[in-house]
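Engineer: Starting off with a structure, shown below.
The values are calculated or read from the model by the stated rules, or taken from the named source; none is laboratory data. Values in this document were obtained by computation on a predicted structure and should not be read as measured data. In this analysis, Cβ positions are derived from the backbone assuming ideal geometry, glycine residues included, and neighbour counts consider all displayed protein chains.
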Amino acid sequence: MKETRKTLLITLSLTIGLIGGNAVRSLAQKHTPQAYIKRHKDAAVRYMEEYGCPASIILAIAMHESANGTSRVARHLNNHFGIKGPNNSKVIRSAYKGYASVEESYADFIDFLQRRKSTEQLFEQCQSYEYQKWVQGIASSGYAHSPSWSSKVIGIIRKYNLDELDKRSEEDGTIASMDETDNTEEKYTVKQGDTLYDIARKYGTTVKELQRNNGLTHSRLRIGQQLIL
């Protein structure tokens, strides 16, 4: 009887250890850089196509600032970019901004860059494939105070080949002239709230195609603007 009980205890211990080990491995795999990229690359590419900020920049900064989504601020506030602001968390006390979702954090990062005078110019001066210029511009704006911040972000981009997500407006990096476009093509008048991404999806085209057809190097629109579809 004692031997049977001993055997059962040993078996139970081994089973619990096996389950626990598998759980730890599963959790570790969930928070690897590769897993983070897989979860969030579509959002990064979407914001790149809509606003012009390189997907590599969005992902690399998020990975660096949130420790691949494992930091306390990322886990409890959905804040992946270290942006400060109000939050209503009852779990942690923090000066960092709280978001309803990670997606909301990504959107606010783009808005953060656009609403600051020191970084809004990047959307006009830099292409979506010039990630080094974006890193330098964001760093010099005071976004990060560590002197090694730029090199760490660039290191993440190069290590995981994130720049492969960035796109040129054309294969040779040039933009087609509007004069070269057939004037008989269908046009769309921009309304309040429109984005290139929404218009492209509605008419079965792509942001890249709309930019090429209209000689655009960015994704900003103005109400009443005529776009060739």
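Engineer: Can you spot a residue in the stretch 67-77 that is in a loop (DSSP other than H, G, I, E, B), assigned by TED's automatic domain parsing to the domain that holds Ile37, without any contact (Cβ under 8 Å) to a residue 12 or more places away in the chain and over 24 Å from Ile154 (Cα atoms)?
Structural biologist: Here is the first cut: in the stretch 67-77, the residues in a loop (DSSP other than H, G, I, E, B) are 67-71.
With the extra rule that they be assigned by TED's automatic domain parsing to the domain that holds Ile37, the set shrinks to 67-71.
Adding the requirement that they be without any contact (Cβ under 8 Å) to a residue 12 or more places away in the chain leaves 67, 71.
Next, only the ones that are over 24 Å from Ile154 (Cα atoms) stay: none.
No, there is no match, as no residue in the stretch 67-77 is in a loop (DSSP other than H, G, I, E, B), assigned by TED's automatic domain parsing to the domain that holds Ile37, without any contact (Cβ under 8 Å) to a residue 12 or more places away in the chain and over 24 Å from Ile154 (Cα atoms).
Engineer: Consider Ile61 carefully, then state whether it is buried (at least 22 other Cβ atoms within 10 Å of the Cβ), under 22 Å from Val207 (Cβ atoms) and modelled with pLDDT of 95 or more.
Structural biologist: Values: buried (at least 22 other Cβ atoms within 10 Å of the Cβ): yes; under 22 Å from Val207 (Cβ atoms): yes; modelled with pLDDT of 95 or more: yes.
Answer is yes for this residue.
Engineer: Restricting attention to the stretch 74-98, report how many residues are closer than 20 Å to Arg116 by Cβ and β-branched (Val, Ile, Thr).
Structural biologist: 1
Engineer: Further question: Can you name every residue in the stretch 134-158 that is over 17 Å from the mean Cα position of the chain (by Cα) and either exposed (fewer than 13 other Cβ atoms within 10 Å of the Cβ) or among the basic types (Lys, Arg) (or both)?
Structural biologist: Those that are over 17 Å from the mean Cα position of the chain (by Cα) and either exposed (fewer than 13 other Cβ atoms within 10 Å of the Cβ) or among the basic types (Lys, Arg) (or both): Ser140, Gly142, His145, Ser146, Pro147, Ser148, Ser151.
Engineer: Considering only residues of the stretch 89-123 that are touching a residue at least 24 places away in the same chain (Cβ under 8 Å), within 19 Å of Gly137 (Cα to Cα) and not hydrophobic (A, V, I, L, M, F, W, C), which is surrounded by the most Cβ atoms within 10 Å (Cβ to Cβ)?
Structural biologist: Checked the stretch 89-123; the qualifying residue surrounded by the most Cβ atoms within 10 Å (Cβ to Cβ) is Tyr106.
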